[in-house]
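See structure below.
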Amino acid sequence: MQLFVLFETASGLSLFEVTEYDAAGGSLSKVQKAVNSLERFTKMVTLAAYQPFSTAEEALENIVANMECKVSDTLKNFLTAHLPATKSSKKQKFQLGISDPRLGKEIFEATGITGSFNDTIVELLRGVRTHFGKIIKSKYSRYKKHYKTNINLSFYLLEISEEDLRKAQLGLSHQFSREKCALDVNRQDKPIT
């Protein structure tokens, strides 16, 4: 069965296709060994789709929805656009790996796509998180070589450096903290750390 892994970052949503996956769980040790090496990991996992957030507000809306285990409109549209179409969840020929098992029910209700969560998926997400900046950069380089820069590549895939990812994470974390404090009824009782 084909496996896609959903990875949400401060910069956007991405979907990775896992080429070597054993649904019975026999591939856990193989994934754990591959996570340490970018070369081995990229043979196992390829970037299938990436959609950057258009604004900081969209990123904040997505992370707040994720923390509340809800599906944002951005996530719903991304999944329906980039995953293979199925007539029903019983005939689904792929699995969608997710980072939170509680999110699976919400994704199913919103899109009809069944989410999957297990130890192998957790390890795959750890590898994606470790190598994400390098995977995005290499994918952009391949597009750039293939199209000889005659077209605007930002439409297909933005060139994102690891520094840009860190800045996006920091900015989103500050926004998220302000949002949580603004909505907290006991905000005056919070000690400053």
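The residue that is nearest to the chain's Cα centre (by Cα), counting only those in the range 69-97 that are surrounded by 12 or more Cβ atoms within 10 Å (Cβ to Cβ) and charged (D, E, K, R), is 76.
With the condition kept exactly as written, say whether any residue in the range 44-53 is outside any strand (DSSP E or B), touching an Asp or Glu at 6+ places or on another chain (Cβ under 8 Å), closer than 21 Å to residue 162 by Cα and of a type outside the set (Asp, Glu). Taking every residue of the range 44-53 in turn, none turns out to be outside any strand (DSSP E or B), touching an Asp or Glu at 6+ places or on another chain (Cβ under 8 Å), closer than 21 Å to residue 162 by Cα and of a type outside the set (Asp, Glu). Has the range 136-143 got any residue that is modelled with pLDDT of 75 or more and of a type outside the set (S, T, N, Q)? Yes, there is a match, as at least one residue in the range 136-143 is modelled with pLDDT of 75 or more and of a type outside the set (S, T, N, Q). Residue count for the range 50-79, restricted to those that are closer than 13 Å to residue 7 by Cα and modelled with pLDDT of 90 or more: 3.
The values are calculated or read from the model by the stated rules, or taken from the named source; none is laboratory data. The model shown is predicted, which means the values in this text are computed figures rather than measured ones. All Cβ positions, even for glycine, are placed from backbone atoms using ideal geometry, and neighbour counts span all protein chains on display.
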